[in-house]
Amino acid sequence: MSRFSRPLAGAAALASVDLLVAMGLVWVGQGTGLIRGQSFMVDDIRWAWVGGVLILLGIGVAVQGRWPRR
C-alpha cells in the first residue's frame, strides 16, 4: 500500500461522517416537523427514525476511524 493513499482514505472517511450526520440531522428535522417545507418527509416520524440511524452510523464510522488497525 502506498504511503500516499492513507491521507485520502482519512479524508474520505471524514467526508462520509460529515455527510451521514448532516443528512441524519436534516431527516430528523423533517420527520419531526422542525424543518418545514413541501416534502413527503415532513411530519412523518419514520424519517426521524431513519435520520437517527444515519447519525449513529456516522458516529460509528468516526469512532472506528480513531483506532489504528493492527
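Bear in mind that the values in this text are calculations on the coordinates, not laboratory data. Everything numeric here is computed off the predicted structure, so don't read it as measured data. In this analysis, Cβ positions are derived from the backbone assuming ideal geometry, glycine residues included, and neighbour counts consider all displayed protein chains.
Could you compute the net charge surrounding Gly31? Neighbours are other residues with a C-beta less than 11 Å from the C-beta of Gly31; K and R count +1, D and E count -1. Residues near Gly31 contribute -1 overall. Extension gain for Gln38-Ala15 works out to 5.5 nm (0.36 nm per residue, less the C-alpha to C-alpha distance).
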